[in-house]
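Report on one structure; see the data block that follows.
The numbers here are math on the coordinates, done by the rules we state, and not lab data. Note that the coordinates shown come from a computational prediction; the quantities given were computed from them, not determined experimentally. Here the Cβ positions follow ideal geometry from the backbone for every residue, glycine too, while neighbour counts run over all protein chains shown.
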Amino acid sequence: MPLDKKFAAYQLLRELDAVTSSIMNQVVYGRMGDLSWKETQALHRDIFEKWMSFAATLDSPDLYGLRPQGSRDTGSDEVKPG
């Protein structure tokens with residue numbers, strides 16, 4: 001993955017982690033239901049959507065060699081004879 005994409009992923013995941021931690025903190029301390037809770041939920045949703053949009057642009061790595069040979073570029077699950 002190019003360095004600029006790695007940095008973008010890092011930044012988005014940091015934002016998502018921070019807002020997730022904030023939500024968990026509000027749950028633990030019983031601060032659900034007020035305006036702050038609703039704002040934090042909306043922020044979490046927004047950041048999560050940004051992450052998902054970004055993640056959709058990434059090539060999925062074939063970490064375990066499970067992808068059939070013919071599907072790397074075509075998106076096809078068909079295995080080409082060898």
Neighbours by Cβ (under 8 Å, 6+ apart or cross-chain): first from the range 30-52, aliphatic (A, V, I, L, M); second surrounded by 15 or more Cβ atoms within 10 Å (Cβ to Cβ): Met32/Gln26; Leu43/Val19; Ile47/Leu12; Ile47/Glu15; Ile47/Leu16; Ile47/Val19
Is it true that Ser36 is small (Gly, Ala, Ser) and within 11 Å of the chain's Cα centre (by Cα)? no
Restricting attention to the range 1-25, and to residues there that are hydroxyl-bearing (Ser, Thr, Tyr) and exposed (fewer than 12 other Cβ atoms within 10 Å of the Cβ), which single residue is farthest from the chain's Cα centre (by Cα)? Ser21
Conditions: (1) over 14 Å from the mean Cα position of the chain (by Cα); (2) surrounded by 11 or more Cβ atoms within 10 Å (Cβ to Cβ); (3) β-branched (Val, Ile, Thr). Val28 meets all but one. Number of the miss? (2)
